[in-house]
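The structure appears right after this line, and notes come after that.
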Amino acid sequence: MTVHRRRAKLKQTLVYIDAPQVLLLKARQVTVVALAVRDENFELPFVAVTVTPSDWKKYVRGAVDLRYLFEYAQPYTVYMFDLKDIKDGEVMMTPYKKALPEKFLPDSRFFVHHHTEDMGGFAAPTDVQTFDIDGKWELNDFSKLYSRYSDVYSFLLALEKYEDQTAPRDIRRIVVDTFLDQPFKGGFSYVNFFDQLTAAQNDNERLSIKSMQYASPGTVEVKGSGSAFADANHAIYSFGENFKEIMDQYNKLHDYLSERKYLQMRATDFDNNTAPAAYIINETKSLADLLGLRQWGAINTLAKHNALAVAKIVLSYYRRVEHTFAFIAEGRLELL
Amino acid sequence: MSFREPLPPLCPPTDAKQQAYPAAYRLLETNPPPTNSFDSYNKLNKPPYDADPCIRAACSLFRSKKEALTAIKLPGLKGHSFIAELDIPAGAGVSKCNDKNGHIRMWMYDTFDPISAIKKVEELSA
């Protein structure tokens, strides 16, 4: 494919150390990041790469470093330009057709927080949830806790956004598509389901570690949305108040689906116009009520009223709440 | 008090303060540093571009050696082979320090000689 010269508008200097070092530009709607380099053929040489919206979000969140954008975030287009030729805030970028040499690449671990200039338009999470931990913990326990808690948090937040008629359409669309995309068959299906729901989160809602003191006792502080923390914590502690009844209801529904081989069936293959469908939906509703899932209507709508899909979603939510609560029941965790 | 170089209007910013740095760090390309090694982008007569002209009139330093070494991860700064440690008194100029990454932006008074404030220069291993 032929790559042509391209005009880009300077939006912001991101790093200025004696001279501009990293620039943010826009080529129409495309985000371009440019790095000052050393090349004797230019006065103020820069290499620039196009960046996808998802990679740019990752970079702004601090989930990837600057080198990632220039080396791994394919597919991208690489350009070069001389900043001395800037006119009316615009530069003309020339395609750079070779592989970028090491001398043009930033070293690893230069992140957004190393920028010298503030970037507007990014709201970092400010609310903090403290996990107070005690007793003996293995490393695997931390990842299990974080993963399960994160799933509960994402699920409840996604449903809240779906129910909020004032939420942006594209965000509600992410929630709808995530429910439709999954066959709800096999473990990966559920992992994908909960992972994809995080795409509906704003920057200030994404969970990130603020501090860790992995000791016993110790604390882990996680940044995110205060109201979503409150919802997740309420769901987990409510489970503890009534866990025997909830477990019995879970086992009843799970056993029914297991005995009839519905657990191995893709939700889309389930015949929703049969007696088992009515039974499954009733028993699932009982479980949802016990779990305090007031978003029952939204779950049904999102799952297109497919009884097996609704049941599998509620069962998977139960397992995440139960696994998180287990740390509390064992005396090893308190959510402050 | 006048500055080492002419500054644009409204420069330095009002939140820049007189601040002492008993240990501040400056990346250098050569050692001993030439007399212009603390000059700003403007003073070095580099082509103007659309950044705040006050920023272009400042000198960059770092609060710690570690933070300075993070900066040379950028390819535009990789030619810096030395790092100088300076003792900067409060009356040397006005500055702003970015708490997140330790970058100090300084507008120096004409009474301050940064080269004589250098305590030591270390070569950065290749």
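The values are calculated or read from the model by the stated rules, or taken from the named source; none is laboratory data. Note that the structure is a prediction, hence the values are computed from the model and not measured. Don't worry about glycine lacking a Cβ; one is built from the backbone with ideal geometry, like all the others, and counts go over all protein chains shown.
Worth a mention:
- When the range B:79-96 is filtered for residues that are on the phi < 0 side of the Ramachandran plot and at pLDDT 95 or above, the ones remaining, listed by number, are B:PHE82, B:ILE83, B:ALA84, B:GLU85, B:LEU86, B:ASP87, B:ILE88, B:PRO89, B:ALA92, B:VAL94, B:SER95, B:LYS96.
- Residues in the range A:52-67 that are aliphatic (A, V, I, L, M) and either in a loop (DSSP other than H, G, I, E, B) or crowded, with 21+ Cβ neighbours inside 10 Å (or both): A:ALA63, A:VAL64, A:LEU66.
- Scan of the range A:206-221 for residues that are within 17 Å of A:ILE328 (Cα to Cα) and either surrounded by 13 or more Cβ atoms within 10 Å (Cβ to Cβ) or at pLDDT 85 or above (or both), ordered by number: A:GLY218, A:THR219, A:VAL220, A:GLU221
- Residue check for A:VAL78: surrounded by 14 or more Cβ atoms within 10 Å (Cβ to Cβ), within 14 Å of another protein chain (Cβ to nearest Cβ), touching a His at 6+ places or on another chain (Cβ under 8 Å) and under 23 Å from B:TYR49 (Cβ atoms): no
- Put simply, of B:ASN42, B:ASN31 the only residue that is surrounded by fewer than 18 Cβ atoms within 10 Å (Cβ to Cβ) and out of contact with any Gly (no Cβ under 9 Å at 6 or more places or on another chain) is B:ASN31.
- Considering residues of the range A:1-35 that are of a type in the set (Gly, Ala, Ser) and closer than 14 Å to A:VAL91 by Cα only, the residue surrounded by the fewest Cβ atoms within 10 Å (Cβ to Cβ): A:ALA27
- If the condition is being away from every other protein chain (no Cβ under 14 Å), in a strand (DSSP E or B) and either within 19 Å of A:THR116 (Cβ to Cβ) or not β-branched (Val, Ile, Thr) (or both), then the range A:1-31 contributes A:ARG6, A:ARG7, A:ALA27.
- Within the option set A:ASN300, A:ASN242, being of a type outside the set (A, V, I, L, M, F, W, C) and either surrounded by 15 or more Cβ atoms within 10 Å (Cβ to Cβ) or farther than 21 Å from A:GLU334 by Cα (or both) holds for one residue only, A:ASN300.
- Flag if A:ILE209 is assigned to a helix (DSSP H, G or I) and among the β-branched types (Val, Ile, Thr): no
- Residues (within 14 Å of chain B (Cβ to nearest Cβ) and touching a Phe, Trp or Tyr at 6+ places or on another chain (Cβ under 6 Å)) located in the range A:82-95: A:ASP82, A:LEU83, A:ILE86, A:VAL91
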